[in-house]
Amino acid sequence: MKVLYVSSEALPFMASGGLADVAGSLPKALRKRLIGCRVVMPLYDGIRQELKDTMTFLTSITVPVAWRRQYCGIFEAKANGVIYYLLDNQYYFKRDGIYGYYDDAERFTFFARAVLEMLPHIDFKPDIIHCNDWQSALTPVYYSTMYAQAPGYENIKTVFTIHNIQYQGVYGKELIPEVLGLHPEDTNIVEYDGDVNFMKGGIECANRVTTVSPSYANEILDPWYSHGLDTILRERSWKLSGILNGIDTDDYNPATDKDIFQNFSAADFKNKAENKRALQELMGLPQRADVPLIGMVTRLAGHKGLDLVKAVLDELLSCDEVQMVVLGSGEWQYEEFFKAMAAKHPDKFALKLGFVPSLSRKIYAGSDMFLMPSKSEPCGLSQMIALRYGSIPIVRETGGLRDTICDSGDGEGNGFTFSNYNAHEMLHAIRRAEAGYAQPDGWQILVKRAMECDNSWGKSANEYIRLYKDVLKD
């Protein structure tokens with residue numbers, strides 16, 4: 001079986017979020033299970049030069065973008081045992097970052113079409129093309145409408161994964177003749193609610209649609225979560241399923257991680273206390289072992305539950321013996337709020353704006369608890385990483401958080417949870433965690449149980465393989 005994994009970002013080349021982690025980890029896990037899996041992504045200008053130096057130029061082609069044709073260079077590289085194809089067009093991709101440009105629709109239309117145009121020029125004909133999020137959602141559309149009957153393209157199946165339904169690629173209908181170039185009889189595939197919707201097209205045309213957790217697959221059938229696509233998804237629920245993401249446990253390994261202060265493992269985690277002390281020192285907090293340290297590594301955005309944090313954080317810091325460290329950046333209101341909290345409670349609250357990967361590892365390793373009160377969380381990787389480093393998650397029961405964290409109230413769970421999107425329910429969960437921390441023997445048992453949780457890609461990769469086999473039987 002051969003799988004071409006299509007992603008707008010992938011580690012180690014370029015990343016802005018969880019999609020890059022998945023695109024860097026799942027193909028590697030599939031290859032370990034003897035599935036031929038390769039990755040294709042854009043060749044961004046921001047890729048580090050040492051990685052560019054490993055790339056080999058294969059050939060150049062031209063790609064139709066509506067009424068014009070655009071240059072596409074095809075490069076090949078190898079990372080972690082996986083072959084990557086990187087598609088070059090300097091007009092579209094020689095820019096800072098990945099997203100956020102006025103012509104993102106045209107940029108990723110080009111990419112989605114180029115994935116198919118490159119196939120005759122590489123030594124790899126996939127049985128499955130696995131696309132991800134709106135940036136590659138047009139690949140199944142183009143395949144089903146233009147390529148399925150073409151010589152050399154026969155019998156390819158497509159899978160489309162929704163990582164976050166909030167971002168759908170919604171644009172005006174003027175895109176159809178100017179950018180998409182679909183035949184008039186096919187334009188209804190991408191039309192939705194008076195606009196063009198890339199994700200809707202992917203859902204319509206893919207042989208299977210997946211999400212990144214079972215709970216999220218159910219949630220997006222509800223208008224509260226679906227951002228308008230629930231009708232389409234309910235009509236096609238027969239091809240919808242959820243497969244939980246995993247993490248790369250070789251990369252996220254406290255026993256070998258070079259970014260943390262002291263290494264430790266589930267078998268012997270006494271050095272976790274030194275990571276806490278060193279993190280407190282680094283962040284300018286009093287070095288106290290007797291108070292719990294709560295970590296957050298997050299985008300500072302409303303859907304991450306920060307309005308709940310904003311509602312009760314001053315109360316928590318004023319009334320409880322607790323410390324907190326936050327790493328992230330995002331919306332101005334939350335950045336300013338956290339700055340004010342750091343100024344008001346300098347002995348209890350520390351903030352670092354931005355994203356510093358090495359510091360994020362130190363927070364996972366040094367914190368006692370990890371807070372994720374998300375309004376929605378398709379899968380979430382941070383709670384899995386926190387478990388791996390012995391930081392007990394405090395989460396709202398939504399999406400992948402519900403699927404990975406079980407409340408320890410019965411003595412069997414691996415974290416603390418709350419169900420309603422309510423600030424004082426969150427505060428109550430935090431205080432239950434504080435009460436647990438005050439019982440050292442029980443807390444050590446909980447930390448060990450958390451670190452022994454298996455969130456590796458093994459189980460998830462096997463589920464994808466079963467899905468691929470089912471698709472090929474159709």
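Annotations for the structure displayed:
- Any hit, the stretch 104-118, residues being more than 24 Å from residue 250 (Cβ to Cβ), surrounded by fewer than 21 Cβ atoms within 10 Å (Cβ to Cβ) and hydroxyl-bearing (Ser, Thr, Tyr): no
- Against the criterion of being over 16 Å from residue 405 (Cα atoms) and either crowded, with 17+ Cβ neighbours inside 10 Å or among the aliphatic types (A, V, I, L, M) (or both), residue 465 qualifies.
- Taking the stretch 15-30 as the range and being in contact with a Lys or Arg (Cβ under 9 Å, 6 or more places away or on another chain) and modelled with pLDDT under 95 as the test, only 17 passes.
- Against the list (1) modelled with pLDDT of 95 or more; (2) more than 21 Å from residue 265 (Cβ to Cβ); (3) in contact with a Phe, Trp or Tyr (Cβ under 9 Å, 6 or more places away or on another chain), the condition residue 443 fails is (2).
- Test: residue in the stretch 386-402 that is out of contact with any helix residue (DSSP H, G or I) (no Cβ under 6 Å at 6 or more places or on another chain), surrounded by fewer than 21 Cβ atoms within 10 Å (Cβ to Cβ) and modelled with pLDDT of 95 or more: yes
- Number of residues in the stretch 408-440 that are modelled with pLDDT of 95 or more and of a type in the set (D, E, K, R) equals 4.
- On the stretch given as the stretch 72-88, residues that are in contact with a strand residue (DSSP E or B) (Cβ under 6 Å, 6 or more places away or on another chain) and either of a type in the set (Ser, Thr, Tyr) or open to solvent by 10 Å² or more (accessible area, probe 1.4 Å) (or both) total 6.
- Qualifying residue in the stretch 149-157 (condition: touching a helix residue (DSSP H, G or I) at 6+ places or on another chain (Cβ under 9 Å), in a strand (DSSP E or B) and modelled with pLDDT of 95 or more): yes
- Residue count for the stretch 303-312, restricted to those that are within 17 Å of residue 339 (Cβ to Cβ), touching a Leu at 6+ places or on another chain (Cβ under 7 Å) and surrounded by fewer than 24 Cβ atoms within 10 Å (Cβ to Cβ): 0
- Listed by first and then second residue, the pairs with beta-carbon distance under 7 Å, at least 6 apart or on different chains, first residue in the stretch 258-282 and at pLDDT 95 or above, second among the hydroxyl-bearing types (Ser, Thr, Tyr) and part of a loop (DSSP other than H, G, I, E, B), are 263/256.
- Looking only at the stretch 315-336, and only at residues there that are of a type in the set (S, T, N, Q) and within 24 Å of residue 289 (Cβ to Cβ), the one that is surrounded by the most Cβ atoms within 10 Å (Cβ to Cβ): 323
- For residue 16, the criteria (1) in a loop (DSSP other than H, G, I, E, B); (2) more than 27 Å from residue 177 (Cα to Cα); (3) touching a strand residue (DSSP E or B) at 6+ places or on another chain (Cβ under 7 Å); (4) not β-branched (Val, Ile, Thr) hold in every case but one, which is (3).
- Number of the exception - residue 91 against (1) surrounded by fewer than 16 Cβ atoms within 10 Å (Cβ to Cβ); (2) part of a loop (DSSP other than H, G, I, E, B); (3) in contact (Cβ under 8 Å) with a residue 12 or more places away in the chain; (4) of a type outside the set (Lys, Arg): (2)
- Pairs with Cβ under 6 Å, 6+ apart, first in the stretch 290-316 and closer than 21 Å to residue 17 by Cβ, second among the β-branched types (Val, Ile, Thr) and in a helix (DSSP H, G or I): 295/363; 297/363
- Residue in the stretch 335-354 that is modelled with pLDDT under 95 and of a type outside the set (Lys, Arg) present: yes
- Only one of the listed residues (348, 339, 362, 344) is over 22 Å from the mean Cα position of the chain (by Cα), open to solvent by 20 Å² or more (accessible area, probe 1.4 Å) and under 30 Å from residue 271 (Cα atoms). That residue is 348.
- Counted residues, the stretch 307-355 - those being of a type in the set (A, V, I, L, M) and touching a Lys or Arg at 6+ places or on another chain (Cβ under 9 Å): 11
The values are calculated or read from the model by the stated rules, or taken from the named source; none is laboratory data. Everything numeric in this text was worked out from a predicted model, so none of it was measured. Please note: Cβ atoms are built from the backbone with ideal geometry, for glycine as well, and neighbour counts cover all protein chains shown. Just so you know, the surface numbers come from the protein's heavy atoms only, side chains and all, with ligands and any DNA or RNA stripped out. Shrake-Rupley method; radii C 1.70, N 1.55, O 1.52, S 1.80 Å.
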